[in-house]
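Worksheet: one structure, shown below.
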């Protein structure tokens with residue numbers, strides 16, 4: 001006799017899996033997002049942090065600003081979300097990165113939803129693989145546009161799949177809304193990624209007749225998408241005459257079209273996003289090819305996933321591409337890998353899973369060694385080594401794929417969210433905000449320290465020797481100027497030439513980017529990081545009472 005209660009309980013657990021993946025993602029990806037030493041990127045500290053700060057200072061919502069002018073290269077949805085957090089929670093790294101973490105967790109949940117929509121799986125393993133991939137564990141911690149646009153892309157695909165199964169207009173309208181939000185995140189690139197995925201689905205699932213018979217619903221969804229996405233560009237085009245040219249060069253990427261990316265670079269970037277599960281993905285692809293050669297079948301889920309992957313890569317061969325642009329392909333990779341591991345036919349899945357665990361455990365060793373050798377993040381280094389040892393033991397035991405994926409996700413979290421931030425790469429000295437006070441702040445011929453505006457909670461001017469008088473001493477009676485020690489002589493000479501006085505307020509060191517292996521070899525030999533750091537000084541500068549000279 002059918003046990004209805006048990007059936008309902010099983011169905012409830014199945015329906016709760018995407019929510020579980022989402023909550024787990026927030027817990028994992030939140031670690032370390034408040035730390036100045038955490039992972040960051042030039043587009044994060046150069047734009048995603050600074051643009052909302054400038055908007056906050058100007059009390060401007062519609063037009064993004066940076067460096068005294070409109071920032072029209074990208075649509076502003078993520079900037080709006082960060083600005084809202086700045087207003088509600090205060091200016092901090094945590095408040096800036098909170099929404100990207102939420103959307104990255106939603107992306108992992110969508111990976112789970114897509115896998116179970118096209119298979120008999122409950123989708124848990126695909127969601128865990130997403131969280132246990134380098135692409136999500138790394139980029140999901142940063143306030144970049146790539147993970148949010150990947151979320152809206154993946155959400156659009158899942159909603160479209162639901163529509164393709166039911167034919168209900170609500171699903172396709174919701175997909176149009178999600179697609180419009182994707183445009184408001186990063187521009188037309190979302191149409192490219194969703195379009196190639198839709199084409200793959202039409203071919204693999206033979207849905208041409210279905211789409212033709214539901215053309216009115218498709219048209220309605222397009223109207224919703226255009227209504228969501230086009231109002232802001234039209235408003236900016238009317239307000240700023242330079243918007244169309246800027247959007248053409250930056251948002252659409254016309255400057256990069258024709259710069260053919262090497263296929264090897266695209267391949268390495270794609271496979272790197274799912275690291276350390278790269279071998280599992282390769283195994284799944286090889287298994288698909290072998291099975292297809294034995295018994296060709298054009299209308300299968302795996303065929304759609306492979307076609308999604310191939311068609312999704314092709315457009316990026318024709319313009320300058322970074323690996324993070326390919327994040328919307330991760331759901332296909334996770335679904336392929338999860339499906340292959342769940343079927344577990346033969347010995348290959350077990351062998352490649354063991355190799356994945358071994359590679360994952362070895363990846364911790366260099367970071368843990370540096371931490372212990374230089375006395376940075378000793379506790380996190382020990383935890384990383386313990387987790388690495390656990391992964392190595394699991395590699396030689398029969399452990400379920402879900403447990404393995406969860407263990408790798410925790411391992412990456414400790415490495416990227418715990419150990420790496422403890423190195424203090426971009427960390428600023430304590431008490432800096434109190435030392436500077438409310439005085440205007442500038443950086444002299446440098447964009448560093450990278451996180452200075454976020455630490456101070458307000459925009460920071462960037463000045464050069466030629467415009468220092470105009471930009472700094474027009475109205476302010478005192479200015480705090482940050483500079484690299486190598487620029488000190490030039491700065492002092494220019495300040496004295498302008499008749500101003502200066503006083504050093506402090507100094508600190510930051511890791512420099514332009515290091516060589518010889519620099520690191522010397523640092524390891526001497527157990528000192530001085531040779532791989534750049535020294536900074538900051539001065540209080542005052543014009544004299546008689547005014548500045550020419």
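Read-outs throughout are calculated quantities, based only on the coordinates presented, and are distinct from any laboratory measurement. Small disclaimer: the values here were computed from a predicted structure and weren't measured. Cβ coordinates were reconstructed from backbone atoms using ideal geometry, including for glycine residues, and neighbour counts include every protein chain displayed.
In square nanometres and to one decimal, what's the mean projected area of the convex hull around the Cα atoms of the stretch 344-423?
Values: hull surface 18.8 nm².
Directional mean of the projected Cα hull area for the stretch 344-423 stands at 4.7 nm².
To the nearest 0.05, how large is the calculated FRET efficiency for residue 466 and residue 67 if R₀ is 22 Å and r is the Cβ-Cβ distance?
Numbers: r = 16 Å, r/R0 = 0.73.
Taking R0 as 22 Å, the efficiency between residue 466 and residue 67 is 0.85.
Over the Cα atoms of the stretch 105-175, what is the Rg over Rh ratio if Rh follows Kirkwood?
On the Cα set of the stretch 105-175, Rg over Rh gives 1.02.
Give the separation of the Cα centroids, the stretch 410-441 to the stretch 493-526, in Å.
The distance from the Cα centre of the stretch 410-441 to that of the stretch 493-526 comes to 18 Å.
Nearest 10 degrees is fine. How inclined is helix 263-273 to the longest principal axis of the chain, computing both from alpha carbons?
Orientation of helix 263-273: about 90 degrees from the principal axis.
Do the sum for the chain: with -39,500 (n - 2.57) for every DSSP H run of n ≥ 4, divided by all residues, what is the mean residue ellipticity at 222 nm, to the nearest 500 deg cm²/dmol?
Working: 26 runs with 323 residues, N = 550.
Taken over the chain, the calculation gives -18500 deg cm²/dmol.
Determine, from the Cβ-Cβ distance of residue 238 and residue 60 and an R0 of 22 Å, the FRET efficiency 1/(1 + (r/R0)^6), rounded to the nearest 0.05.
Details: r = 16 Å, r/R0 = 0.73.
My answer for the efficiency is 0.85.
May I ask you to sort 13, 216 by Cβ crowding, counting other Cβ atoms within 10 Å and putting the fewest first? Write down the numbers at each step before the final one.
On the way: 13 12, 216 9.
Result, fewest neighbours first: 216, 13.
Shape call for the stretch 16-261 from the C-alpha gyration tensor, a ≥ b ≥ c root eigenvalues: rounded (a/c under 1.5), prolate (a/b greater than b/c) or oblate?
oblate
In whole angstrom, how far apart do the alpha carbon centroids of the stretch 300-341 and the stretch 142-221 sit?
The distance from the Cα centre of the stretch 300-341 to that of the stretch 142-221 comes to 16 Å.
Bin by bin, in steps of 5 Å, what percent of the Cα pairs in the stretch 304-399 do you find, going until the bin that has the longest distance?
It works out to 2, 12, 14, 13, 13, 15, 15, 10, 6, 1, in whole percents.
Return the Rg/Rh ratio of the chain with Cα-based radii and a Kirkwood Rh. Write out the running numbers ahead of the final one.
On the way: Rg = 26.0 Å, Rh = 25.7 Å.
When Rh is taken as the Kirkwood radius, the ratio is 1.01.
Please provide three numbers in whole Å: the alpha-carbon extents of the stretch 432-543 along the principal axes, with the largest listed first.
Principal extents (Cα only, largest first): 50, 30, 20 Å.
Set the Förster radius R0 to 41 Å, insert the Cβ-Cβ distance between residue 439 and residue 19 as r into 1/(1 + (r/R0)^6), and round the FRET efficiency to 0.05. Let's see the in-between values first.
Details: r = 48 Å, r/R0 = 1.17.
It comes to 0.30.
Helix 488-497 versus the longest principal axis of the chain: what is the Cα-based angle in degrees, 0 to 90, to the nearest 10?
50 degrees
Rounded to the nearest 10 degrees, what's the angle between the helix 189-204 long axis and the longest principal axis of the chain, both from Cα atoms, 0 to 90?
Computed tilt is about 10 degrees.
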